[in-house]
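Here's the structure we're looking at; comments come further down.
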Amino acid sequence: MRRLVRTHDPRLTVEESEQICRVSVLFNLVAVCFLGFFALIASKTGDRHYALILVGVMTLTLCNIGLFLTFGHMRQLVLTTCLGYLPFCMFLLVSGGQNNTGILWYYVYPIMVYYIAGLRLGALCSGLLIVSAIFLMQLDNQAFFQAHYSSEFKLRFISSMTVMSIMGAMLEHSRSKAQHHLMILAKRLHKAAQTDDLTGLPNRRLLQVILHDQASYAQQTDGDFTILLCDIDHFKSVNDRYGHAVGDQALRHLAQVMETAMRKTDILCRWGGEEFVLVLPDTDTTCGREMADRLRAKVENTPLITTDGETIELTISCGVASCRENKDPDQLFRLADKRLYRAKSTGRNRIVASD
């Protein structure tokens, strides 16, 4: 069904569109079965005119299903289903169907249209159905009107249809509102799962997705990208001397400083602890080293001013690795980590971009 539904309402998720199309097709198939059944009964009882009309409606319903299966347009399926059964309902009211029972199928219509068409279109179609029923019932003394309904039946029928339509609208409004809140909650949870709480940067989970996407894109376009793995020097001593609250301030401070020095296309992530990763799309090793050196100088020249007014000087060490050196994103990250280790073991506050 997902491959079949080529267009859908942008307010709906793909899963909701699939469900609406599935229910619409099922409703039309059930309608075909009932239409065929009652056409057979009408034919056996000698009412061939009524049977031919039912066969005609059944044929149009099958055409509606066929068009959807061919083109996959959800709007066409929903609109033709909702609007196509309106004249048929009017015919059942005027003709009475068999033994004046055709009008009972009116009760199915509001349930169907609210589910597949939503609140606005469902209310419009249900309103048109009720208004047309009120209008036609005033013409029951005309020659074309074959059915007969008492005044009490007309009043109760219109009243019950109106109540059903209102209740359907209320239920659809509650359902759509609950669905909207669930979608917002799902988006928040999805964002929370990919965001570092402390700095607001993409976290380790999202970084792995970004690295694989960049590697795939670089492979397809024969392009390049570079990653910078940065670590705050002597961060443990900051925590030990000033406390973890100040350590958290240092991490947020570093994230803000690095964001001011990077390009709009660059992606800064927190890998974990005091480590940050900067992904530089369409950047080779030389440009990556230059960016790393700018970051190092920016951090060194921008000390942290704590909430207590103390000044803490921070420095970073970076390992630089380019996709040209290794196409595999995991191996590329290990290469940057190896170079970061060399930068820290050879004095810190420096950049290592080669072996």
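The values are calculated or read from the model by the stated rules, or taken from the named source; none is laboratory data. Computed from a prediction, not measured in an experiment: that's the story for all the values here. Neighbour counts run over all protein chains shown; Cβ positions are idealised from the backbone, glycine included. Ligands, DNA and RNA are stripped out before the accessible areas are found, and what is left, the full protein with its side chains, is counted by its heavy atoms. Shrake-Rupley method; radii C 1.70, N 1.55, O 1.52, S 1.80 Å.
With N set to the residue count of the range 226-355, report its C-alpha Rg divided by 2.2 N^0.38 Å to two decimal places.
The range 226-355 yields a ratio of 1.02.
Could you name the lysines whose alpha carbon sits less than 21 Å from that of K187, not counting residues in the same chain fewer than 8 places away?
Reachable lysines: K177.
Using a ≥ b ≥ c from the Cα gyration tensor of the range 52-131 (square roots of the eigenvalues), is it rounded, prolate or oblate, where a/c under 1.5 gives rounded and otherwise the larger of a/b and b/c decides, a/b for prolate?
Verdict is oblate for the range 52-131.
Mind pulling the per residue volume of the convex hull built on the Cα atoms of the chain? Å³ is fine.
Convex hull volume per residue, Cα atoms: 180 Å³.
At a Cα cut-off below 19 Å, give the aspartates and glutamates reachable from K154, other chains included and same-chain residues fewer than 8 away excluded.
D140
Can you flag which of K191/K236; K191/K264; K236/K344; K191/K327; K236/K338 are past 23 Å Cα-Cα?
Check vs 23 Å cut-off fails for K191/K236; K191/K327.
Would you mind estimating how fast the range 127-281 diffuses translationally, via Stokes-Einstein at 37 °C and 0.692 mPa s with the Kirkwood radius over Cα pairs, in µm²/s?
Rounded, D is 151 µm²/s.
With θ taken as phi - 60° and the coefficients 6.51, -1.76 and 1.60, list the Karplus ³J(HN,Hα) couplings across the range 301-314 in order, rounded to whole Hz; mark glycine and proline as x.
8, 10, x, 7, 9, 6, 5, 8, x, 7, 9, 10, 7, 10
Could you tell me how many degrees, from 0 to 90 and to the nearest 10, lie between the Cα long axis of helix 151-193 and the main elongation axis, the longest principal axis, of the Cα atoms of the chain?
Value to nearest ten degrees: 10.
With unit charges on the beta carbon (Lys/Arg positive, Asp/Glu negative), name the residue among L136, S17, N326 whose Cα is farthest towards the positive pole of the charge dipole of the chain.
After comparing all options, I get L136.
Scale the Cα Rg of the range 92-166 by the rule-of-thumb value 2.2 N^0.38 Å and send over the ratio, two decimals.
The range 92-166 yields a ratio of 1.11.
Solvent-accessible area of S322, probe 1.4 Å, all protein chains present, reported in Å² to the nearest ten, please.
About 0 Å², rounded to the nearest 10.
Nearest 10 degrees, 0 to 90: what angle lies between the long axis of helix 48-71 and the longest principal axis of the chain (Cα atoms)?
Roughly 10 degrees between the two axes.
Pairing the Cα long axis of helix 74-95 with the longest principal axis of the chain, what angle in degrees results, from 0 to 90 and rounded to the nearest 10?
Result, in degrees: 20.
Express in whole angstrom the spacing between the alpha-carbon centres of the range 85-130 and the range 273-331.
Using only Cα atoms to place each centre, the spacing works out to 66 Å.
Residue separation times 0.36 nm, minus the C-alpha to C-alpha distance between E16 and T315: what's the value?
102.6 nm
For D284, what accessible surface area do you get with a 1.4 Å probe? Give it in Å², rounded to 10.
70 Å²
Which log10 I(q)/I(0) values, to two decimals, does the range 43-94 give at q = 0.14, 0.15, 0.16, 0.24 Å⁻¹ under the Debye formula with one point per Cα?
Here the Debye-derived log intensity ratios amount to -0.44, -0.49, -0.55, -0.91.
Compute, for E275, the solvent-accessible surface of its heavy atoms (probe 1.4 Å) with the complete set of protein chains present, and express it in square angstrom to the nearest 10.
Ignoring ligands and nucleic acids, E275 comes out at about 40 Å².
For the range 215-285, what is the Kirkwood estimate of the hydrodynamic radius, computed as the reciprocal of the mean inverse distance between distinct Cα atoms, to one decimal in Å?
When all Cα pairs of the range 215-285 are included, the Kirkwood radius is 13.6 Å.
Taking a ≥ b ≥ c as the square roots of the eigenvalues of the Cα gyration tensor of the range 194-239, is the shape rounded (a/c under 1.5), prolate (a/b larger than b/c) or oblate?
oblate
Run the dipole for the range 10-147 about the Cα centre, Lys and Arg Cβ at +1, Asp and Glu Cβ at -1, nothing else charged, and hand back the magnitude in debye, nearest 20.
Magnitude of the dipole: close to 100 debye.
Please give the contour-minus-distance gain from N326 to K338: 0.36 nm per residue of separation, less the Cα-Cα distance, rounded to one decimal in nm.
Here the answer is 3.0 nm.
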